[in-house]
Amino acid sequence: MARYLESVTIYDHPSDHPEHYVVRFFHVTADGLVADPHAYLFHTLEEARQIPAARGMFRFERAEADDPVIVESWM
């Protein structure tokens, strides 16, 4: 059975979905970071935050070096 950590990144109106906040899941495995192919779209940041919050994840502020459209990440 594969083992991994799950990470979520919330984006503020990225170029591929300029009318939405976007939630994307990533799997952190022994081989590196693997992106989930799905993007989940929301009209508000509060709606987007409900996804990782409901999973009991913890929020991390964006780093200064992150892409400006990244709002935050969750693990």
For this session: Would you please name the residue that is nearest to the chain's Cα centre (by Cα), looking only at residues in the range 22-75 that are hydroxyl-bearing (Ser, Thr, Tyr) and within 12 Å of residue 11 (Cβ to Cβ)?
Result: 73
Exercise. Could you list, in sequence order, the residues of the range 9-54 that are over 16 Å from residue 67 (Cβ atoms) and modelled with pLDDT under 95?
Worked result: 27, 28, 29, 30, 31, 32, 34, 36, 37, 38
For this session: Report whether or not residue 6 is out of contact with any Pro (no Cβ under 6 Å at 6 or more places or on another chain), surrounded by 13 or more Cβ atoms within 10 Å (Cβ to Cβ), in contact (Cβ under 8 Å) with a residue 40 or more places away in the chain and on the phi < 0 side of the Ramachandran plot.
Result: yes
For this session: Could you identify the single residue in 73, 15 that is exposed (fewer than 10 other Cβ atoms within 10 Å of the Cβ) and among the hydroxyl-bearing types (Ser, Thr, Tyr)?
Result: 15
Exercise. What are the pairs, 6+ residues apart or on separate chains, where a residue within the range 31-45 that is surrounded by 11 or more Cβ atoms within 10 Å (Cβ to Cβ) has its Cβ under 8 Å from a residue that is part of a strand (DSSP E or B) and charged (D, E, K, R)?
Worked result: 35/24; 36/24; 39/24; 40/24; 45/12
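The values are calculated or read from the model by the stated rules, or taken from the named source; none is laboratory data. Predicted model, so just to flag it, every value in this text is computed and none were measured. As a convention, Cβ positions derive from the backbone with ideal geometry for all residues, glycine included, and neighbour counts pool all protein chains shown.
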